[in-house]
1. Identify the residue in region 148-175 that is out of contact with any helix residue (DSSP H, G or I) (no Cβ under 6 Å at 6 or more places or on another chain) and not in a loop (DSSP other than H, G, I, E, B) and, among all such residues, is farthest from residue 118 (Cα to Cα).
2. Tell me whether region 120-141 contains one or more residues that are within 26 Å of residue 81 (Cβ to Cβ), modelled with pLDDT of 95 or more and open to solvent by 70 Å² or more (accessible area, probe 1.4 Å).
3. So how many residues does region 30-45 have that are modelled with pLDDT under 85 and open to solvent by less than 80 Å² (accessible area, probe 1.4 Å)?
4. Answer yes if at least one residue in region 46-58 is at pLDDT below 90, under 14 Å from the mean Cα position of the chain (by Cα) and of a type in the set (A, V, I, L, M), and no otherwise.
5. Among the listed residues 78, 86, 94, identify the single one that is within 29 Å of residue 64 (Cβ to Cβ), touching a Phe, Trp or Tyr at 6+ places or on another chain (Cβ under 8 Å) and surrounded by 13 or more Cβ atoms within 10 Å (Cβ to Cβ).
6. Do you know which residues across region 108-124 are in a strand (DSSP E or B), touching a strand residue (DSSP E or B) at 6+ places or on another chain (Cβ under 6 Å) and not hydroxyl-bearing (Ser, Thr, Tyr)?
7. If residue 128 passes every condition in (1) over 21 Å from residue 193 (Cβ atoms); (2) part of a loop (DSSP other than H, G, I, E, B); (3) touching a residue at least 24 places away in the same chain (Cβ under 8 Å) but one, which one does it miss?
Amino acid sequence: MIQKPNQKTVSLLLRLVIGMVCIGICLSLAIPYSLSIRNRRHERVVSAMSSLVTGEGVPETATYNPDIDGPHPIVLLWADGSDHVWNWELPPNWFPTSPDKTELVALLNYEQPVAVETCIYQLTTVTRYRRDLGVIVREARTGRILTNSTLRGDEPMRCPESLPVYQTRIDGPHVALESVVKWLCPVVQPGNCP
């Protein structure tokens, strides 16, 4: 037998539903707002650091002191000064919240294919390419180069027994963010790397 709910139960359920709707509306308004603030901060930091491409420092930035454990906030830019998508994936506290908190800038060159082997087939030849990534780390305030390196990508797959006749290359995987973070860690978080 189903009982008819009393006035008190209906009132309580109605308040609960209204409360949940209000929370949903508030969250749907708050999350995009906080993301837009984060996007604006991000854009301000990236655009303020673009002069480091030419080696010109940014006087409004924080001083880099390698004797302090860190993290020393860093911005990743392509070699042309444009924003790198990995900035959004850096470890917590690595990306600066404002230009005046920025200490370091890493300039990443576009990946360079490096031929590692040419395989000869009956009707074609195929070259295997590894992808290497050049990285330069500059002190944001002075533009001084602190370190640089070419990070080697993983080897491409071996030449198989047969390939489509139109295929002329086998590319290795892109250099992974994890490899870049591991290489940057001694500069960004000296004495605090895995």
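1. Keep residues of region 148-175 that are out of contact with any helix residue (DSSP H, G or I) (no Cβ under 6 Å at 6 or more places or on another chain), which gives 148-150, 152-175.
When the remaining residues are screened for being not in a loop (DSSP other than H, G, I, E, B), the result is 148-150, 152, 169-171.
Details: 148: 30, 149: 26, 150: 23, 152: 19, 169: 9, 170: 10, 171: 12 Å.
Once the filter is applied, the top-ranked residue is 148.
2. The initial filter retains those residues of region 120-141 that are within 26 Å of residue 81 (Cβ to Cβ), namely 131-141.
Remaining after also requiring modelled with pLDDT of 95 or more: 131-141.
Filter once more, so that each one left must be open to solvent by 70 Å² or more (accessible area, probe 1.4 Å): 141.
Yes, some residue in region 120-141 is within 26 Å of residue 81 (Cβ to Cβ), modelled with pLDDT of 95 or more and open to solvent by 70 Å² or more (accessible area, probe 1.4 Å).
3. 7
4. yes
5. Details: 86 fails: touching a Phe, Trp or Tyr at 6+ places or on another chain (Cβ under 8 Å); 94 fails: touching a Phe, Trp or Tyr at 6+ places or on another chain (Cβ under 8 Å).
Only one candidate qualifies: 78.
6. Taking region 108-124 as the starting set, the residues that turn out to be in a strand (DSSP E or B) are 108, 112-120.
Now restrict to residues that are touching a strand residue (DSSP E or B) at 6+ places or on another chain (Cβ under 6 Å): 108, 112-119.
Within region 108-124, 108, 112, 113, 114, 115, 116, 117, 119 qualify.
7. Just one mismatch for residue 128, condition (2).
Table: residues versus (1) open to solvent by less than 40 Å² (accessible area, probe 1.4 Å); (2) touching a Pro at 6+ places or on another chain (Cβ under 8 Å); (3) touching a residue at least 40 places away in the same chain (Cβ under 8 Å).
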position: 165; (1), (2), (3): no, no, yes
position: 171; (1), (2), (3): no, yes, yes
position: 185; (1), (2), (3): yes, yes, no
position: 194; (1), (2), (3): no, no, no
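The values are calculated or read from the model by the stated rules, or taken from the named source; none is laboratory data. Since this is a predicted model, take the numbers as computed values, not measurements. Note that we place each Cβ from the backbone using ideal geometry, even for glycine, and neighbour counts take in every protein chain shown. Remember, those area values only see protein heavy atoms, side chains included, never the ligands or the DNA or RNA. Shrake-Rupley method; radii C 1.70, N 1.55, O 1.52, S 1.80 Å.
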